[in-house]
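In what follows, a structure is listed as structure tokens, so that the remarks can point back to it.
The values are calculated or read from the model by the stated rules, or taken from the named source; none is laboratory data. These figures come from a predicted structure and were not determined experimentally. As a convention, Cβ positions derive from the backbone with ideal geometry for all residues, glycine included, and neighbour counts pool all protein chains shown.
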Amino acid sequence: MRLAGTRLRDYFGVEMTGRYLDEFDFGDQMDYWDAAYHEVVRGGRPAQGVVPLTPWNQPDVFQFWLRLPLANDDGRIVMVLGHDAFLLSEKAHALANKANLRIA
């Protein structure tokens, strides 16, 4: 089951619930997101970062994100829990540039 909050729909302009990531055009950020999910799923480690919403024609909006691996009783990663915060401000731009995060 894939769920997405309404704020994602508000920012991306499309419903994401029930859809796969490869159904979306992330532009030049595709390698970035591939690496982030690879770290979470294959590495079994949380990942965090920040990206501008440039592929979604909103380069002044920054998506601060966190992805957490969720494992079953056998220790196999079966889900990824995500949290996203969207900020539009000079402060967000400054944080994105100096944060110790995975940056696109």
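Side notes on the structure shown:
- Among residues of region 3-27, those that are free of Cβ contacts under 8 Å to residues at least 60 places away in the same chain and assigned to a helix (DSSP H, G or I), counted: 8
To keep it simple, each residue is scored yes or no on (1) within 16 Å of A85 (Cα to Cα); (2) surrounded by fewer than 18 Cβ atoms within 10 Å (Cβ to Cβ).
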{"site": "F26", "(1), (2)": "no, yes"}
{"site": "Y32", "(1), (2)": "no, yes"}
{"site": "A35", "(1), (2)": "no, yes"}
{"site": "H38", "(1), (2)": "no, yes"}
{"site": "R42", "(1), (2)": "no, yes"}
{"site": "Q48", "(1), (2)": "yes, yes"}
{"site": "P69", "(1), (2)": "no, no"}
{"site": "D74", "(1), (2)": "no, yes"}
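- Residue within region 50-67 that is closer than 14 Å to D84 by Cβ and in contact with a Lys or Arg (Cβ under 7 Å, 6 or more places away or on another chain) present: no
- When L95, L101 are checked against the criterion of being at pLDDT below 90, over 19 Å from F12 (Cβ atoms) and touching a Leu at 6+ places or on another chain (Cβ under 8 Å), L95 stands alone in meeting it.
- Once region 50-61 is narrowed to residues that are surrounded by 15 or more Cβ atoms within 10 Å (Cβ to Cβ) and either of a type in the set (D, E) or under 11 Å from the mean Cα position of the chain (by Cα) (or both), the residue that is farthest from F12 (Cα to Cα) is V50.
- Selection of region 32-56 for residues being touching a helix residue (DSSP H, G or I) at 6+ places or on another chain (Cβ under 7 Å), small (G, A, S) and part of a helix (DSSP H, G or I) yields an empty set.
- Neighbours by Cβ (under 7 Å, 6+ apart or cross-chain): first from region 38-51, free of Cβ contacts under 8 Å to residues at least 40 places away in the same chain; second in a helix (DSSP H, G or I) and β-branched (V, I, T): P46/V40
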